[in-house]
Amino acid sequence: MDSFFAVTAPGLEPFTHQEMLALDYPAASMEPGGILFQGDQAALYRANLHLRTASRILARLGNFFYAATFPQLEQRLASLPWERFLAPRQPVSLRVSCHKSKLYRSDAVARVASRALDQRLGAPSPLLKPDDDADQASQLIVIRLAEDKCTVSVDSSGTLLHKRGYRQAVAKAPLRETLAAALLMASGWDQSAPLLDPFCGSGTIPIEAAMLALGIPPGLNRRFAFMDWPGFDKPLWQSILSQTSPRPESHPLIQASDRDAGAIKSAQANAERAGVAEFIDFQCQAVSSIQPPPDPGWVVTNPPYGLRLSEGKDLRNLYAQFGNVLRQKCPGWNVSVLCSDSALLGQMHIKLDTSLALVNGGIRVRLGRGVVNTQ
Ligand SMILES: C[S@@+](CC[C@H](N)C(=O)[O-])C[C@H]1O[C@@H](n2cnc3c(N)ncnc32)[C@H](O)[C@@H]1O
């Protein structure tokens, strides 16, 4: 049994935990920043393939240890079983954090770690800078020193998990796929009633909704760092892949629209790549022109919420108009709206619970959830 940690963005821990319980990880436990779980290689592969809201999965390398001097640190690091995860000369990147520890210089800790690693593997591993925005070309190693307690982890995901591979065309201010999946979970959408996103941009919410409802695993079409580990068990991975069972017969009505023609073009291209274009009804239209079906469903959306003051009045009008459109065309529907500004949400004049705080692109946001009142 190994220990793993599914890292999440701030606020997404409960959603990843909920996913893990549904995926049959009963002992998964929620911690600040992610979910701790134990398991074998299959548990790790399944988590990478199926989790929709986690950012990456780290594998703990050995047990934690205490180190208060550099020689102590080097000796303990060199005794870790690096060869399980790294071939000699494989490029690595080191992310080191030091809190309240005698060894407080992360650059010095990284140098010692690099030496210890080369010593253990018998050859130098080239050091690259970690870069979350690029596709990960090196094996990321995360070293955390807190009150002299050192934990070493190896990243099993590689490129961050929100990059499913389908979103190559982006419109303005796209949501991370992991956040879009969490919004759908938080909205309480039952995956069979109609779903509407009238400000769909590059289509992240409707595409994630279609993948969720159709049972398409988010990691189906991408690589993971664990595939380069010396002990990668390809037959095991293939048997896990063969157990996935998309459900194309049970798809809900998903309507996605945006007034920007370029955004709709991007959204359609992204949906094609995700294999869900035929399940989403895309329309280029302003929010005032939406034509939802009569049966109540869910509106899950992320309207613009500019930070520049000059945009304030226009945005207030847009939210007021959105509220009116919903009352006219979607009475009784559930609504979940992501926005950075509670005052803007207030313009909708729909009673919304704004207790769920999240972060989108470094900005603190809230998800306003409620039911559209009738006029
Ligand atoms: C924050 S972005 C949505 C991003 C999207 N969730 C994604 O992941 O790409 C807001 C979108 O609202 C659209 N929009 C702004 N005003 C609109 C209106 N009156 N009617 C419809 N769409 C509008 C913009 O074109 C923009 O694509």
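The values are calculated or read from the model by the stated rules, or taken from the named source; none is laboratory data. All of these numbers come straight from a predicted model, not from anything done at the bench. When we count neighbours, we look across all protein chains shown, and the Cβ atoms used for this are built from the backbone with ideal geometry, even at glycine.
A few notes on this one:
- Restricting attention to region 171-204, the residues being within 12 Å of the ligand (Cβ to nearest atom), among the small types (Gly, Ala, Ser) and part of a loop (DSSP other than H, G, I, E, B) number 5.
- Just one of the listed residues (202, 192) is over 14 Å from the mean Cα position of the chain (by Cα) and buried (at least 24 other Cβ atoms within 10 Å of the Cβ), namely 202.
- Residue match in region 258-270 (condition: within 12 Å of the ligand (Cβ to nearest atom) and in contact with an Asp or Glu (Cβ under 6 Å, 6 or more places away or on another chain)): yes
- Selected residue [at pLDDT below 95, of a type outside the set (A, V, I, L, M) and under 21 Å from the mean Cα position of the chain (by Cα)] from 296, 304: 304
- Test: residue in region 205-214 that is over 17 Å from residue 49 (Cα atoms), near the ligand (Cβ under 8 Å from one of its atoms) and touching a residue at least 60 places away in the same chain (Cβ under 8 Å): yes
- Within region 215-237, the set of residues being surrounded by 11 or more Cβ atoms within 10 Å (Cβ to Cβ) and assigned to a helix (DSSP H, G or I) comprises 225, 226, 227, 228, 236, 237.
- As for region 158-170, it holds at least one residue that is within 16 Å of the ligand (Cβ to nearest atom), β-branched (Val, Ile, Thr) and either at pLDDT below 95 or buried (at least 22 other Cβ atoms within 10 Å of the Cβ) (or both).
Quick grid of which residues meet (1) in contact with a Phe, Trp or Tyr (Cβ under 8 Å, 6 or more places away or on another chain); (2) more than 18 Å from residue 218 (Cβ to Cβ):
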| site | (1), (2) |
| --- | --- |
| 34 | yes, no |
| 38 | yes, yes |
| 44 | yes, no |
| 53 | yes, no |
| 56 | no, no |
| 74 | no, yes |
| 79 | no, yes |
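- Some residue of region 241-252 being assigned by TED's automatic domain parsing to the domain that holds residue 294, closer than 24 Å to residue 329 by Cα and within 12 Å of the ligand (Cβ to nearest atom): no
- Residue in region 102-111 that is in contact with a helix residue (DSSP H, G or I) (Cβ under 9 Å, 6 or more places away or on another chain) and of a type in the set (S, T, N, Q) present: no
- The residues listed here are 97, 79, 93; of these, the one that is of a type outside the set (A, V, I, L, M) and surrounded by 15 or more Cβ atoms within 10 Å (Cβ to Cβ) is 93.
- The set of residues in region 100-133 being exposed (fewer than 13 other Cβ atoms within 10 Å of the Cβ) and hydroxyl-bearing (Ser, Thr, Tyr) consists of 104 alone.
- Selection count, region 314-344, where residues are closer than 18 Å to residue 182 by Cβ and either within 16 Å of the ligand (Cβ to nearest atom) or of a type in the set (A, V, I, L, M) (or both): 6
- Flag for residue 374 being over 22 Å from residue 210 (Cα atoms) and hydroxyl-bearing (Ser, Thr, Tyr): yes
- Condition met for residue 183 (aliphatic (A, V, I, L, M), touching a Leu at 6+ places or on another chain (Cβ under 9 Å), free of Cβ contacts under 8 Å to residues at least 60 places away in the same chain and surrounded by 18 or more Cβ atoms within 10 Å (Cβ to Cβ)): no
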